[in-house]
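Right, one structure below, let's go through it.
The values are calculated or read from the model by the stated rules, or taken from the named source; none is laboratory data. Owing to the predicted nature of the structure, the values given are computational and were not obtained by experimental measurement. Ideal geometry is used to build each Cβ from the backbone, glycine not excepted, and the neighbour counts take in all protein chains shown. SASA here: full protein model, heavy atoms, side chains in, ligands and nucleic acids out. Shrake-Rupley method; radii C 1.70, N 1.55, O 1.52, S 1.80 Å.
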Amino acid sequence: MPTQAVIKSFSQVTAILQDIHTNAIGTEQVKRIIKVSETFLSAFKLTPDVFVAQPLLYKSKSTYICNLTFNAMVYCALICNRARINDLCCQQLLSCILTLYSERQSDLACCLEDNKRPSYHRKNVRLMQMLTKANLETWLNGYQMYKFLFSKMDNAQSWPINANKHQQIIMLAHQLATQITPNKSAKPVHFSIVLKKLIQSCPESWLECVEGLLEYPTLICPGTVIKLDDKRPAIVLSVASEKVLVTTIQTSADSKPQLKRVYTNNIEHVSAAQTVSAFVQIQKWWDKNWQLEKADCIEPIVDNFPLDKPPKVLLEVQKHLNSGVVDIDKLAQQISSEPAFADYLKQTATFSNRNKLPVQQVKHGLMMHGYVKTNSMLIQQALLLRLNQSLFPLQQNFTQFSRLASQIAANLAPLNQHVSAEEASTLLCFACSGLFTQPSLKARTKWTKNTDRQHDITHLFDFRNSQSLPAHSLKLCQAWQQPTQYSEAISTLSENKLQLPKNELLRTLIIILGLSILLARRAYFSEQKLSEASQSFYITCLAYLKIDEQNVNQMLATSLHQSHSYCALL
């Protein structure tokens, strides 16, 4: 049954609330909260319609706090989904809400149900220390919103100043849940009214997190009770762009539930949150018949494209280029079939021409870049698009660093005859890819660097499983059918005792790779002091490429300008 996952999640949330109500949060509770949040998100992604409906269906046999906490977690998962926040960050935000509410059950009930404002804001220093030690940075980040849980957000000035995206999601989910969940002191309000109010009152910078809710679950969301033309009540089960799938609500023993589609323009009356005694009623509405009928409704959960499979368009372009006979019109048409590729090619061509004249056609971009450079650029862009399908805190930092390192490599390549600029920049793009694919970095908010070997990919981020950075890069190189020399260069550079090979091509790739990483760190982090191993490697590189410190500084300045990189706030 599609509702079983909701029932299980609601029960787990209730158990956590009961546990923390009597016991202080310790290591075991943190582990349980993480597990509950993980289960919650997985269940939400399986049946989002059923979960999104729950805040409008108040469970009278459960406490106000149980309903409120579950509803806040639903809206947190929903906003994360619409904003394409990665799952690990979302899990930590769900854990954050569960923690914030569990610790303040009495205060929340007094404030929201009895209109009694708590005398002070409490924070759990021990919990914050545990989260810091466990590197649960997104959870800790969201926990800072404890001081705003009892504030009224009536206008843009009343919202927290300088809140980051994760803190914004916590506050928006909290506002939606507290205003929609029925309580003793306020009448229930429908989702559409609360959403409109939020859009009008929250700061403009917060709207990015809210606007996705207009597309799903829309203003007439699942769980909404409406009146049909014949005055019979019905509940919305799923939504489409212009209509909703509803089932009639039984008003007598003789009446039978009926599934039907209703155009949203014909809906005149919607009700706020309804009270249900238990999940029995909910199970009858979202049943197997609903699963069969909802095929034409919005499916909000969009699966990411697999990282180990290059885009089909890219493979077609490469096949065309490798055929030996290139038809520029056909090639332009192939690239144009993927808007992301077409826009990127035209944008980079615009930046590259001397007068910065806008390039409007893909064909013109092809002629400006040439076939070889275009192929390299599309591989890099396709890889970065796949790596950035869902958002995480350090995403912009990693992206800008990768672009800068790739541009440095492209500028170093002409100093040696063995490697083209396109090959060098593509190598760097794949070498940095481990930053994006390592799960333990997905919820980090600060880039902590290891300064032992600044030329080594393994030391780009200081964390327990740093050897996985080059390992992930190697897997992508193989999956995307890149030259074997790329994998050999990445593997060799990651060895503790680096021995440069005699093969000139491989030696050049290793030197360009390591030097590009080292110089990108210098420019991006203002990292001037080198470790003993990196200093030795640096001297070897300068001698091999026959350049000096002045040449390096000039090349760095040029690379910064050409890559259009910027340093996102760390």
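With the checklist (1) buried (at least 22 other Cβ atoms within 10 Å of the Cβ); (2) in a loop (DSSP other than H, G, I, E, B) in hand, flag the one item Asp452 doesn't pass.
Result: Asp452 fails condition (1) only.
Is it true that some residue in region 106-116 is surrounded by 20 or more Cβ atoms within 10 Å (Cβ to Cβ) and at pLDDT 95 or above?
Initial filter on region 106-116 (surrounded by 20 or more Cβ atoms within 10 Å (Cβ to Cβ)): 108, 112.
Those left that are additionally at pLDDT 95 or above: none.
No, because not a single residue in region 106-116 is surrounded by 20 or more Cβ atoms within 10 Å (Cβ to Cβ) and at pLDDT 95 or above.
At least 3 residues that are among the charged types (D, E, K, R) in each: list the helices (runs of 4 or more DSSP H) lying fully within region 462-570 that qualify.
Helices (runs of 4 or more DSSP H) meeting the threshold: 504-525.
What about Leu331, is it within 21 Å of Ala409 (Cβ to Cβ) and in contact (Cβ under 8 Å) with a residue 24 or more places away in the chain? Talk me through it step by step, then tell me what you get.
Details: within 21 Å of Ala409 (Cβ to Cβ): no; in contact (Cβ under 8 Å) with a residue 24 or more places away in the chain: yes.
Spelling it out, it is not the case that Leu331 is within 21 Å of Ala409 (Cβ to Cβ) and in contact (Cβ under 8 Å) with a residue 24 or more places away in the chain.
Need the failing condition index for Ile161 against (1) without any contact (Cβ under 8 Å) to a residue 40 or more places away in the chain; (2) in a helix (DSSP H, G or I); (3) of a type outside the set (Gly, Ala, Ser); (4) closer than 30 Å to Glu215 by Cα, just the number.
Here Ile161 meets the rest and fails (2).
Across region 71-98, which residue is surrounded by the fewest Cβ atoms within 10 Å (Cβ to Cβ) among those that are of a type in the set (Val, Ile, Thr) and modelled with pLDDT of 95 or more?
Residues of region 71-98 that are of a type in the set (Val, Ile, Thr), as a first pass: 74, 79, 85, 97.
With modelled with pLDDT of 95 or more added as a condition, the list becomes 74, 79, 97.
On the way: Val74: 27, Ile79: 23, Ile97: 30.
The residue in question is Ile79.
How many residues are touching a helix residue (DSSP H, G or I) at 6+ places or on another chain (Cβ under 8 Å) and either open to solvent by 40 Å² or more (accessible area, probe 1.4 Å) or of a type in the set (Gly, Ala, Ser) (or both) when one looks only at region 455-474?
8
For region 29-119, which fully contained helices (runs of 4 or more DSSP H) count at least 2 residues that are of a type outside the set (A, V, I, L, M, F, W, C), farther than 23 Å from Thr218 by Cβ and within 24 Å of the chain's Cα centre (by Cα)? Break it down into steps so the answer makes sense when it comes.
Values: elements: 48-53, 64-82, 87-103, 105-114.
Hits in region 29-119: 87-103.
Okay, residues lined up against (1) closer than 30 Å to Asn162 by Cβ; (2) part of a helix (DSSP H, G or I):
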site	(1), (2)
Leu195	yes, yes
Leu207	yes, yes
Pro217	yes, no
Ile220	no, no
Leu245	no, no
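Met130 versus (1) open to solvent by 20 Å² or more (accessible area, probe 1.4 Å); (2) closer than 18 Å to Cys209 by Cα; (3) in a helix (DSSP H, G or I): which is the lone unmet condition?
Tallying (1) open to solvent by 20 Å² or more (accessible area, probe 1.4 Å); (2) closer than 18 Å to Cys209 by Cα; (3) in a helix (DSSP H, G or I), Met130 fails exactly one: (2).
A quick yes/no check of all residues on (1) more than 21 Å from Ala109 (Cα to Cα); (2) in contact with a strand residue (DSSP E or B) (Cβ under 6 Å, 6 or more places away or on another chain):
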position: His174; (1), (2): no, no
position: Pro188; (1), (2): no, no
position: Ser192; (1), (2): yes, no
position: Lys196; (1), (2): yes, no
position: Glu204; (1), (2): yes, no
position: Leu213; (1), (2): yes, no
position: Leu219; (1), (2): yes, no
position: Gly223; (1), (2): yes, yes
